[in-house]
Amino acid sequence: MARGPIEGRIMVVAFEGWTDAGDAASGAVRRLIEACELEAFDEIEPDEYVDFAMHRPVVRTLEDGARALQWPATVAYAPTRPSTREPLAADAGLDVSTGNEGELFAVVGAEPSRNWAAYAAEFLEIARGCEVDAIVFVGAMLADVPHTRPIATSITSDSRELQQRLGVLQSEYEGPTGIMTVLSLAAQDAGIQTASLWASVPHYVHNAPAPKAVIALLDRLSEMVDVTVPLGDLPEQSGEWERGIDELTERDDDMRAYIGKLEEQRDAVESPEASGEAIAHEFERFLRDQNGRPRPDPRGPASGDEPDRGDDAPPV
C-alpha cells in the first residue's frame, strides 16, 4: 500500500495535563478546530472523572456582568461545512485546504483522573456516533532534548493498515501508561484504527506554552489527516520563545554546558528529526519518571529547589 494520509472519517484527540507538555498537544488540536471551523456538539461531564484540584474550574465574567463557572469537561467537535481540495493562497496562506471532505472530528479536554473504564465507554459512544474510521491521539512529553534544535516527533500505530499507510511501526513500550493508551486499545477492540503522534518538549523549559512544539505537531498532523492549518503568528511566537530561553541560559554556565551536551546527543542522530527508537526510549523514561522515579538534577541539589521535581535541570 502506498504511503499517504489516513482515509475516511478521522477524530483527533488531545488532553490537557500529563500528556500535554508545553500545552503543545491541546494547542495543536485547538488550532485545528479553529482552522477547520469545527463546532462543539457533545461533551463528557467532568464530575465522575476529573480531579478538580488538578484541573480547576475557571470563573469568568460574562458580557452582562454576571460571573459564571467554566468546568473542565471533555468537548467533542464536528465539521460544520464540507471541505474541498483547493490550493492555499500563495501570498496570504490564510485558507485551509483539506482532502477529507469535512469528515474531520476532534476531542479535547482535561485528562480524566479516575474511572477510566467508564470514561472510555463514554468516549467510544461519541466516536461510534461520529462513525469515525480512525482516531489520532496527540501528545507532548518532557524529554532530554535541546530547545535549539527542531522539535522531534514520533508516530506509532497498532493498526497494520495505518502502519503501512503512514510508514510507521507499532510501539514496543511495556509498563505504566496513560489514558490515551486506554482509549486507543478500547477503540481498536471496537474496530476503530488508531495512531499516536508525540512531540518531545525540552524538560528544562517550564514556561508554557511551547509554540515551537505546536508547529512540529501541526506539521506532522497535517500530513496524517490531509489538512493544512495556517500557522498564523506561531513562527514569530516560536522565535520569541527560543530567544527568551537563550537569554536566560546565557547567564548560567552550567545550564549552557548541559544544553550543549543535549545538542551533541541530538546532532549524533545525523538527522533533523530524532529517530523513532530515540523517541520511544524517551517516552518509556517519561512514563517511568511519572510513576515515581524522578530524574536527578545534573547540577546537584540547590537550596530552595522543590523536592522530587523529576527534572534534569532547574526551570528556565
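The values are calculated or read from the model by the stated rules, or taken from the named source; none is laboratory data. Just so it is clear, the structure is predicted and the values come from calculations on it, not from any experiment. Glycine gets a Cβ as well: all are built from the backbone with ideal geometry, and neighbour counts include every protein chain shown.
The table for this structure:
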read-out: Residue in the stretch 126-139 that is out of contact with any strand residue (DSSP E or B) (no Cβ under 9 Å at 6 or more places or on another chain) and closer than 29 Å to residue 264 by Cα present; value: no
read-out: Filtered residue count, the stretch 115-144, keeping only those that are assigned to a helix (DSSP H, G or I) and of a type outside the set (Asp, Glu); value: 13
read-out: Selection within the stretch 1-24 - crowded, with 23+ Cβ neighbours inside 10 Å and over 17 Å from residue 107 (Cα atoms); value: 6, 21, 22
read-out: Residue check for residue 137: within 22 Å of residue 201 (Cβ to Cβ), buried (at least 23 other Cβ atoms within 10 Å of the Cβ) and either modelled with pLDDT under 90 or hydrophobic (A, V, I, L, M, F, W, C) (or both); value: yes
read-out: Some residue of the stretch 49-57 being surrounded by 19 or more Cβ atoms within 10 Å (Cβ to Cβ), more than 29 Å from residue 238 (Cβ to Cβ) and of a type outside the set (D, E, K, R); value: yes
read-out: Condition met for residue 12 (out of contact with any helix residue (DSSP H, G or I) (no Cβ under 7 Å at 6 or more places or on another chain), under 19 Å from residue 222 (Cα atoms) and modelled with pLDDT of 95 or more); value: no
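Residue by residue, here is whether (1) crowded, with 19+ Cβ neighbours inside 10 Å; (2) among the hydrophobic types (A, V, I, L, M, F, W, C) holds:
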residue: 169; (1), (2): no, yes
residue: 189; (1), (2): no, no
residue: 193; (1), (2): yes, no
residue: 197; (1), (2): yes, yes
residue: 202; (1), (2): yes, no
residue: 206; (1), (2): no, no
residue: 218; (1), (2): yes, yes
residue: 225; (1), (2): yes, yes
residue: 245; (1), (2): yes, yes
